[in-house]
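Chemist: Below are the structure tokens for one structure; questions will follow.
Read-outs: derived from the displayed coordinates by stated rules, not from any lab. Small disclaimer: the values here were computed from a predicted structure and weren't measured. Cβ: placed from backbone, ideal geometry, glycine included. Neighbour counts: every protein chain shown.
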Amino acid sequence: MSGLTLSPAERDLFRIVMAVRQLMEGRSNAIGTFTLAASAASTMVAAPTCAVGSVVLLMPKTANAAAALATTFVTPANASFVVTHASAPTTDRTFGFVALG
């Protein structure tokens, strides 16, 4: 679930308080899901809140994703990250992620 998005010029105190409250409840716009590319050794994932110095945490959402996790690593970039993984024909290696920092 994503959090409330505020403009830097936001002046509505209620919206600001709601955004802070949602952060305290664990909501964030730094999350998403992706599926590893079939028969490829890497997958690029768009992540607008990601930066070169971010830490990207992965959570397998399928059994095949859990099996692939041991040979998978992430290289963060600005607004995206690249997941390097073993090439396999499976099309259900789906992960959830959070990009922090």
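Chemist: Pairing the Cα long axis of helix 13-24 with the longest principal axis of the chain, what angle in degrees results, from 0 to 90 and rounded to the nearest 10?
Modeler: 30 degrees
Chemist: Tell me, what is the FRET efficiency for ALA70 and MET44 to the nearest 0.05, using R0 = 35 angstrom and their Cβ-Cβ distance as r?
Modeler: 0.95
Chemist: Where nothing but the Cβ of Lys and Arg (+1) and of Asp and Glu (-1) is charged, how large is the charge dipole of the chain around its Cα centre, in debye to the nearest 20?
Modeler: Here the chain has a charge dipole of around 80 debye.
Chemist: Here's a follow-up. I need to check one value: relative contact order of the chain, counting alpha carbon pairs closer than 8 Å and at least 6 residues apart, in percent.
Modeler: Values: 204 pairs, mean separation 34.3, N = 101.
Normalised by residue count, the contact order of the chain is 34 percent.
Chemist: Determine the calculated [θ] at 222 nm for the chain from helices alone, applying -39500 (n - 2.57) to every DSSP H run no shorter than 4 residues and normalising by the residue count; nearest 500 deg cm²/dmol.
Modeler: Mean residue ellipticity, 222 nm, calculated: -5000 deg cm²/dmol.
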